[in-house]
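Structure first, commentary second.
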Amino acid sequence: MTYKIVASQQMYDGAIIKVRVDTVVLPDGSQVKREVVEHVGSVAIVAIDEQQRVLLIRQYRHPAGQYLWELPAGLRDQPGELPQETARRELAEETGLAAATWSTLVDLRPSPGISTEAGRVYQASGLRRGDRPGGAQGEERDLQSRWVPLQEALSEVLAGRITNGLAVAGLLAAAVRAGLADDHRRSADAPWPGSGD
């Protein structure tokens, strides 16, 4: 059952997101206002080579105020483009790679309490050099990349050094698929992401 929306007001219409405020009727009949970030969705790719290494990219993320290690990823912002085609395009644009084999690793909703964004992480293998259409554009000019053993990437996730949601979900799913485990434990008072502590 979906809650009934009795009013909706668009507050912002930007290049990547829209923001609206919905008035929603709860099951008890009361009404509440809910802010909703409308997002086109995103894909990410765990590109894994024959040595069980994954390709990570380092990109500056303005809202986080820092560079983050992530997976190749991008928005589903091309009308009519299927999600796997978005993943193929993003892998080529960000890394110059193409893959022979694709499978879905995991789907997620990064922040369902406020955003419509849905994401999918693919695993890509059978990698080869391909075209990098149009060359690096905008922030992609500043990308750095590195190949990391999947086990090491798993350890970086569990140590809190990889925090991007799509990357965390994708790397954990790839590790499960590969039968990897890691007994790394952090204390409950570990520094909060981005706190600099």
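Data overview
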| read-out | value |
| --- | --- |
| Candidate set: segment 94-129, residues that are buried (at least 20 other Cβ atoms within 10 Å of the Cβ) and acidic (D, E); chosen: the one farthest from T163 (Cα to Cα) | E94 |
| Members of segment 21-50 that are over 30 Å from Y122 (Cβ atoms) and either within 28 Å of the chain's Cα centre (by Cα) or in a strand (DSSP E or B) (or both) | V21, D22, T23, V24, V25, Q31, V32, K33, R34, E35 |
| P63 vs. criteria surrounded by 15 or more Cβ atoms within 10 Å (Cβ to Cβ) and closer than 24 Å to G160 by Cβ | no |
| Among (1) touching an Asp or Glu at 6+ places or on another chain (Cβ under 8 Å); (2) modelled with pLDDT of 95 or more; (3) not acidic (D, E), the one test that S103 misses | (1) |
| Sole exception among (1) touching a Gly at 6+ places or on another chain (Cβ under 8 Å); (2) of a type outside the set (S, T, Y); (3) assigned to a helix (DSSP H, G or I); (4) surrounded by fewer than 20 Cβ atoms within 10 Å (Cβ to Cβ) for E90, by number | (4) |
| For Q78: the one exception among (1) outside any strand (DSSP E or B); (2) more than 22 Å from A174 (Cα to Cα); (3) touching an Asp or Glu at 6+ places or on another chain (Cβ under 6 Å); (4) not hydroxyl-bearing (S, T, Y) | (3) |
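Per-residue answers, yes or no, for (1) in contact with a His (Cβ under 9 Å, 6 or more places away or on another chain); (2) in the same structural domain as A169 (by TED's automatic domain parsing); (3) closer than 26 Å to W192 by Cα; (4) not hydroxyl-bearing (S, T, Y):
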position	(1), (2), (3), (4)
L26	no, no, no, yes
A47	no, yes, no, yes
H62	no, yes, yes, yes
Y67	no, yes, yes, no
E70	no, yes, yes, yes
L75	yes, yes, no, yes
P79	no, yes, no, yes
L82	no, yes, no, yes
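The values are calculated or read from the model by the stated rules, or taken from the named source; none is laboratory data. Because the structure is predicted, anything quoted here is derived from the model rather than measured. Cβ atoms come from the backbone with ideal geometry, glycine included; neighbour counts cover every protein chain shown.
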